[in-house]
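Remarks on the structure that follows.
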Amino acid sequence: MPNTDTQAYNTHNPHKACKYVFVTGGVCSSLGKGLTAASLGSLLESRGYGVQIVKIDPYLNVDAGTMNPYQHGEVYVTDDGAETDLDLGNYARFTSAELSKKNSITTGQVYFEVIESERQGRYLGGTVQVVPHITDTIKKRIMRLSQQQGVDIVITEVGGTVGDIESVPFLEAIRQIIHENDSDVTCTIHVTLLPQLANNELKTKPTQHSVRDLRVAGIRPEFLICRSPVLLSQEHRSKLELLSDVTREGVISSYDVDNIYELPLLYSEQGLETKILKKFNLAIREPKLQPWHDYINSARKAKKTVRIAMVGKYVQLEDAYKSVDEALSHAATKLNAQLQLVKFDPELLEQQQEDEWEQLRACDGVLIPGGFGTRGVYGMLLSAEYARTQHIPFFGICLGLHIMVIEYSRNVLNLRGADSTEFKLETKHPVICLLSEQEGIANLGGTMRLGANDSVLVKDSKPYLAYQQEVISERHRHRYEVSNKYLTDLVNAGLMIAGKTADGSLVESMQWSGHPWGVGVQFHPEFKSRPIYPHPLFRDFIKYSLDSKAKRHKSSAPPHPTTEKKPRKSGTSS
Ligand code: GLN
């Protein structure tokens, strides 16, 4: 129940003795607040504490579902179908916290809730205001994470940069939580940047200013995570201590690392989690960090390389396929290989640009990730045809499965003009189409097939061999489905069904028969891959790509070019 103005919501131990860490950011965006929150989460878990992490996005969109990937990067999907900021993907990869709709708070959601309550008359005639109604709603949304079983510490990451107009109500809500609780209940971390000038000097001034902005909001940072290209010197630490009013103990150097999974180890070496646990008066248990050490060691030791082509619509944007990039890298590390990820713009393949095709032919596997809309589809179809006919390992994810089906229908079944109704409404052969319940939907937000669904895998299919189990659960985010009308013909022609929904009504995965590893899935396995537990489908895709590389080299196929002809997005993702 929302409160009336006279009864502001007090957060003093509303549920139980849970602790709260608040992560804010200063100087500029994209400093890695999400990775900081996620790394801290993993460290606290490694010390035996149950952790939840919540992301605050101070924009007016209700969720990230309707946002353009070019603006926002990947949309991360939870089991319960929330379409969220990609930072939740970091939380999922670094911790075992179960994420849901509750882990994402946006200004849009908060105002939606308050305005709906106002319309229902639940404020009993009171004047509805930012303080206390908006701030109370924010406080409740943060506090409700602590109600979940086994949660000892809730980490809240505030998106954006301190000083942004949009963040003001969120910082005020956090200030109130800090004020209403004893000092061993809350802890504040401010992530800032120490830029390096041409003379190699690191500058602390922007950090001082952003700490001042935070103090104007009534929040004093207890820890400063200082991003810089190099390790901070004692001199810098002293300066920050003096000018930012943080103890020297609280200054943590976060210099650039090769692999993001080194971050928990970097922070732990500087005692971040032990200092926080001390502040919380919680026992400092022995850490269990061996899996992180092992992962970093195998990433460092990996000698062989595997070159994967990603043919996707949004490849110009670094973060558009974040979880896919990460899942590939987890799998490669597991198989002691270094991932070379080469991203292809399908429109250039479509234009038959020879240097693009030469680069594609130098790859050991081809992956088509998810996407929406017509642009680039033909280039994707060409790359799928190439992988199928040349026996190159292929992995189609969501849109990638649709591409696989359209390509097979056109080139093997000879169904001229076969298409998805997403790309051509009046197609003669709608091999991919809308389910009747998706037809006529006008509202775009939250109306796709979203979240976890079971699949039943066909025994001995490629996905079955990867998972080693018959019933799996994976997350979905799509509107269009493989049409059942063409299935018998497709199967008879060699596009096998590898899995279906539990009720048997819809196709969930398919594979090319007589091909080393050509698999398409309707779901998004990338969301469940973790460095310590790489996803079985990505693992097998990389395994077969390594095999294909070895075979091609043996049969004296031209080796990989050592230099790329033109600059392109390439390299390991972490
Ligand atoms: N555009 C396709 C659909 O809506 C595929 C979506 C996706 O790849 N996530 O069904």
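The values are calculated or read from the model by the stated rules, or taken from the named source; none is laboratory data. Everything numeric here is computed off the predicted structure, so don't read it as measured data. Here the Cβ positions follow ideal geometry from the backbone for every residue, glycine too, while neighbour counts run over all protein chains shown.
Residue pairs whose Cβ atoms lie under 6 Å apart, sitting 6 or more positions apart in sequence or on different chains, and linking a residue in segment 278-305 that is under 27 Å from Asp258 (Cβ atoms) to a partner that is β-branched (Val, Ile, Thr) and at pLDDT 95 or above, are Ser298/Thr333; Ala299/Thr333. When Asn90, Asn103, Asn68 are screened for being closer than 21 Å to Lys322 by Cα and free of Cβ contacts under 8 Å to residues at least 40 places away in the same chain, only Asn68 passes. Scanning segment 149-179 for residues that are β-branched (Val, Ile, Thr) and closer than 11 Å to Gln52 by Cβ gives Val151, Ile153, Val154, Ile155, Thr156. Filtering segment 51-65 to residues that are closer than 26 Å to Ile260 by Cα and without any contact (Cβ under 8 Å) to a residue 60 or more places away in the chain leaves only Ala64.
Listed here are the residues, each with its yes/no results for (1) assigned to a helix (DSSP H, G or I); (2) of a type in the set (A, V, I, L, M, F, W, C); (3) within 24 Å of the chain's Cα centre (by Cα); (4) modelled with pLDDT under 95.
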{"position": "Leu277", "(1), (2), (3), (4)": "yes, yes, no, no"}
{"position": "Ile284", "(1), (2), (3), (4)": "no, yes, no, no"}
{"position": "Pro291", "(1), (2), (3), (4)": "yes, no, yes, yes"}
{"position": "Tyr295", "(1), (2), (3), (4)": "yes, no, yes, no"}
{"position": "Ile308", "(1), (2), (3), (4)": "no, yes, yes, no"}
{"position": "Tyr314", "(1), (2), (3), (4)": "no, no, yes, yes"}
{"position": "Leu317", "(1), (2), (3), (4)": "no, yes, yes, yes"}
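Among the residues making up segment 398-421, those that are touching a strand residue (DSSP E or B) at 6+ places or on another chain (Cβ under 6 Å), under 22 Å from Ile542 (Cβ atoms) and within 10 Å of the ligand (Cβ to nearest atom) are Cys398, Gly400, Leu401, Ile403. Would it be correct to say that Glu157 is of a type outside the set (A, V, I, L, M) and surrounded by fewer than 22 Cβ atoms within 10 Å (Cβ to Cβ)? Judged against the criteria, Glu157 is not a match.
Close contacts from segment 462-481, counting a first residue that is closer than 20 Å to Trp512 by Cβ and touching a residue at least 12 places away in the same chain (Cβ under 8 Å) and a second that is within 16 Å of the ligand (Cβ to nearest atom) and part of a helix (DSSP H, G or I), with Cβ to Cβ under 6 Å and a gap of 6+ residues or different chains, come to Ala466/Leu537.
Scanning segment 146-176 for residues that are under 24 Å from Gln208 (Cα atoms) and in a helix (DSSP H, G or I) turns up Ile165, Glu166, Ser167, Val168, Pro169, Phe170, Leu171, Glu172, Ala173, Ile174, Arg175, Gln176. Quick check: anything in segment 370-389 near the ligand (Cβ under 10 Å from one of its atoms), closer than 16 Å to Met510 by Cα and not in a helix (DSSP H, G or I)? Within segment 370-389, one or more residues are near the ligand (Cβ under 10 Å from one of its atoms), closer than 16 Å to Met510 by Cα and not in a helix (DSSP H, G or I). Please find, within segment 347-369, the residue that is surrounded by the fewest Cβ atoms within 10 Å (Cβ to Cβ) out of those that are assigned to a helix (DSSP H, G or I) and among the charged types (D, E, K, R). Only one residue tops the list, namely Glu354.
Within segment 478-496, can one find any residue that is touching a helix residue (DSSP H, G or I) at 6+ places or on another chain (Cβ under 7 Å), within 14 Å of the ligand (Cβ to nearest atom) and not in a strand (DSSP E or B)? Within segment 478-496, one or more residues are touching a helix residue (DSSP H, G or I) at 6+ places or on another chain (Cβ under 7 Å), within 14 Å of the ligand (Cβ to nearest atom) and not in a strand (DSSP E or B).
Among the residues of segment 228-241, the one identified as under 28 Å from Ala173 (Cα atoms) and surrounded by fewer than 23 Cβ atoms within 10 Å (Cβ to Cβ) is Glu241.
Scanning segment 21-50 for residues that are hydroxyl-bearing (Ser, Thr, Tyr) and at pLDDT 95 or above gives Thr24, Thr36, Ser39, Ser42, Ser46, Tyr49.
One line per residue, one yes/no per condition, for (1) crowded, with 24+ Cβ neighbours inside 10 Å; (2) under 22 Å from Ala332 (Cα atoms):
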residue: Thr488; (1), (2): no, no
residue: Val491; (1), (2): no, no
residue: Ile497; (1), (2): no, no
residue: Ser505; (1), (2): no, no
residue: Glu508; (1), (2): yes, no
residue: Ser513; (1), (2): no, no
residue: Pro516; (1), (2): no, yes
residue: Gly520; (1), (2): yes, yes
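Quick one: in segment 506-553, which of the residues that are small (Gly, Ala, Ser) and touching a helix residue (DSSP H, G or I) at 6+ places or on another chain (Cβ under 8 Å) is farthest from Glu407 (Cα to Cα)?
Within segment 506-553, the first condition is being small (Gly, Ala, Ser), and the residues that meet it are 509, 513-514, 518, 520, 529, 545, 548, 550.
Narrowing further to those that are touching a helix residue (DSSP H, G or I) at 6+ places or on another chain (Cβ under 8 Å): 509, 518, 520, 529.
Values: Ser509: 15, Gly518: 13, Gly520: 12, Ser529: 28 Å.
The selected residue is Ser529.
Candidates Phe423, Phe394: the one that is buried (at least 22 other Cβ atoms within 10 Å of the Cβ) and over 16 Å from Glu508 (Cα atoms) is Phe394. The condition of being closer than 30 Å to Ser329 by Cβ, in contact (Cβ under 8 Å) with a residue 12 or more places away in the chain, part of a loop (DSSP other than H, G, I, E, B) and under 31 Å from the mean Cα position of the chain (by Cα) does not hold for Leu266. Restricting attention to segment 43-102, which residues are touching an Asp or Glu at 6+ places or on another chain (Cβ under 7 Å), assigned to a loop (DSSP other than H, G, I, E, B) and among the aliphatic types (A, V, I, L, M)? Val75, Ala82, Leu86, listed by residue number. State all residues of segment 537-554 that are polar (S, T, N, Q) and modelled with pLDDT under 95; if no residue qualifies, say none. Result: Ser548, single match.
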